[in-house]
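Right, one structure below, let's go through it.
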Amino acid sequence: RFNGLSMIADYYMEELYKEQNIVPARVISAQLLTDDQRESIKAKMKKITGADDIKLVTSVNADLLGGFKIEYNFLDADNMRDPQDALDYSLKTVLKKAAVGQGVLLDELQDAVDTGR
């Protein structure tokens with residue numbers, strides 16, 4: 001019986017989000033966001049998604065070094081699983097892209113091949 005209740009609750013939440021035009025979004029940031037930052041992200045996500053409101057859930061991951069990532073358009077919106085879209089403004093990603101652009105990772109791979117590592 002309780003398994004069915006969970007499915008009904010999930011369905012209800014999905015329909016509620018659609019009816020009220022609410023889009024859940026998860027923000028993972030290198031540092032805790034201020035209220036102003038949260039409101040700014042919500043406003044920008046409303047423009048991107050066309051939603052009337054954004055259900056914003058935040059978490060901190062210092063491994064990002066700086067900046068943040070936003071995940072949205074979840075297949076399971078109520079449980080925020082399986083995001084279909086993401087925006088990555090993390091310093092970690094910027095540094096990786098710069099390194100690849102400069103051939104840093106390719107140079108390391110070539111060194112490993114040359115030395116047999």
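The residues of region 63-86 that are open to solvent by 40 Å² or more (accessible area, probe 1.4 Å), modelled with pLDDT of 95 or more and over 24 Å from residue 13 (Cα atoms), listed by number, are 68, 69. Residue count for region 17-31 under the criterion of being of a type outside the set (D, E, K, R), open to solvent by 50 Å² or more (accessible area, probe 1.4 Å) and either part of a helix (DSSP H, G or I) or more than 19 Å from residue 80 (Cβ to Cβ) (or both): the result is 2.
Residues of region 52-63 that are farther than 11 Å from residue 26 by Cα and over 12 Å from the mean Cα position of the chain (by Cα): 52, 53, 62, 63. Screening the candidates 49, 34, 93 for the property of being surrounded by 13 or more Cβ atoms within 10 Å (Cβ to Cβ) and either modelled with pLDDT of 95 or more or over 14 Å from the mean Cα position of the chain (by Cα) (or both) yields one hit, 49.
Residues considered: 14, 39. Of these, the only one that is open to solvent by 100 Å² or more (accessible area, probe 1.4 Å) and more than 21 Å from residue 93 (Cβ to Cβ) is 39.
Conditions (1) in contact with a helix residue (DSSP H, G or I) (Cβ under 9 Å, 6 or more places away or on another chain); (2) free of Cβ contacts under 8 Å to residues at least 40 places away in the same chain; (3) not polar (S, T, N, Q), marked per residue:
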{"position": "39", "(1), (2), (3)": "no, yes, yes"}
{"position": "50", "(1), (2), (3)": "no, yes, yes"}
{"position": "55", "(1), (2), (3)": "yes, yes, yes"}
{"position": "59", "(1), (2), (3)": "no, yes, no"}
{"position": "62", "(1), (2), (3)": "no, yes, yes"}
{"position": "68", "(1), (2), (3)": "yes, no, yes"}
{"position": "71", "(1), (2), (3)": "no, no, yes"}
{"position": "82", "(1), (2), (3)": "no, yes, yes"}
{"position": "91", "(1), (2), (3)": "yes, no, yes"}
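Taking the numbered list (1) at pLDDT 95 or above; (2) on the phi < 0 side of the Ramachandran plot in turn, residue 100 passes all entries but (1). Taking region 17-36 only, how many residues are more than 18 Å from residue 93 (Cα to Cα) and touching a residue at least 24 places away in the same chain (Cβ under 8 Å)? Here the count works out to 9.
The values are calculated or read from the model by the stated rules, or taken from the named source; none is laboratory data. Since the structure is predicted, the reported quantities are computational estimates derived from the model, not experimental observations. All Cβ positions, even for glycine, are placed from backbone atoms using ideal geometry, and neighbour counts span all protein chains on display. Side chains included, ligands, DNA and RNA excluded: accessible areas come from the protein's heavy atoms. Shrake-Rupley method; radii C 1.70, N 1.55, O 1.52, S 1.80 Å.
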